[in-house]
1. What number of residues within region 120-163 satisfy the criterion of being closer than 22 Å to Gly232 by Cα and small (Gly, Ala, Ser)?
2. Would you please list the contacts, defined by Cβ atoms under 6 Å and residues six or more apart or on different chains, that run from a residue in region 116-127 that is in contact (Cβ under 8 Å) with a residue 40 or more places away in the chain to a residue that is acidic (Asp, Glu)?
3. Yes or no: Gln153 surrounded by 20 or more Cβ atoms within 10 Å (Cβ to Cβ) and touching a Pro at 6+ places or on another chain (Cβ under 6 Å)?
4. Being in contact with a Gly (Cβ under 9 Å, 6 or more places away or on another chain) and in the same structural domain as Tyr133 (by TED's automatic domain parsing) narrows it down to one of Asn193, Asn214, Asn179, so name that one.
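The values are calculated or read from the model by the stated rules, or taken from the named source; none is laboratory data. Everything numeric in this text was worked out from a predicted model, so none of it was measured. Here the Cβ positions follow ideal geometry from the backbone for every residue, glycine too, while neighbour counts run over all protein chains shown.
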Amino acid sequence: MVKSALLGAAAAALTVKAVLASPVGVVAHGPLDKLKRNVDEKKQQALSQSRQALDQAGARLVASIVNVPTSGAVVTPAAPRPSPDNQVRPSGAAASAELPPGRPYRRAFIRRVLTEAAQRHHLDPKLVLALAYWESGWDQSKVSAGGAVGLMQVEPATAAEAGPGLLGRPIDLDDPYDNADVGAAILREDLDNFTDPVMALAAYYQGPTSLRENGMLPDTQQYVQGILDLAGRIS
């Protein structure tokens, strides 16, 4: 598909070149402008199709790596948020046994942490697993250029507000349990506010205020579609 579009653009460009180099030496502006527009349109179409093909190929590649059994929980638009008392995580000796020493953490451990966080907040585990993989590759040690941290790529300022506000406690973004928990809580809040998984993912990436004021931006659309494609391939 991409090759075909690129060949079409090249053919149109060659047509313009041939016209300009013709013995006549004078070309009407109307036809020439039309040919130029055709070249531009072909180029934009080729670039768009290239990006789409690369996104789809990337999602298929990630899905071939990520094989995650889930409980089959479904996304519900307005499920009640669990109280802090119900947000169970290991402590003491149990935490030492559950939390593997050093980094990177074992993938089986990360999958379980994310799945349990999704279930606590009444989210589809596949959606949370896909979101976390798209954001960080399930790498708890990842820190973005903008300072977002861990599995769910949560910014410290967001965590400082969302921890007490959504979980009823301060959280440590360097702790995979807390990182998964606050990320899932934010996604749950977005889903409660927008009542649509597509819009909830968009709000998670773009921010609720920007989404309401500007609609879904092009890069947000690619982000959402990539995560939904990946979630659909997780088994």
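1. Summing the residues that are closer than 22 Å to Gly232 by Cα and small (Gly, Ala, Ser) in region 120-163 gives 4.
2. Cβ pairs passing all conditions: Ala117/Asp181.
3. Criteria not met by Gln153.
4. Asn179
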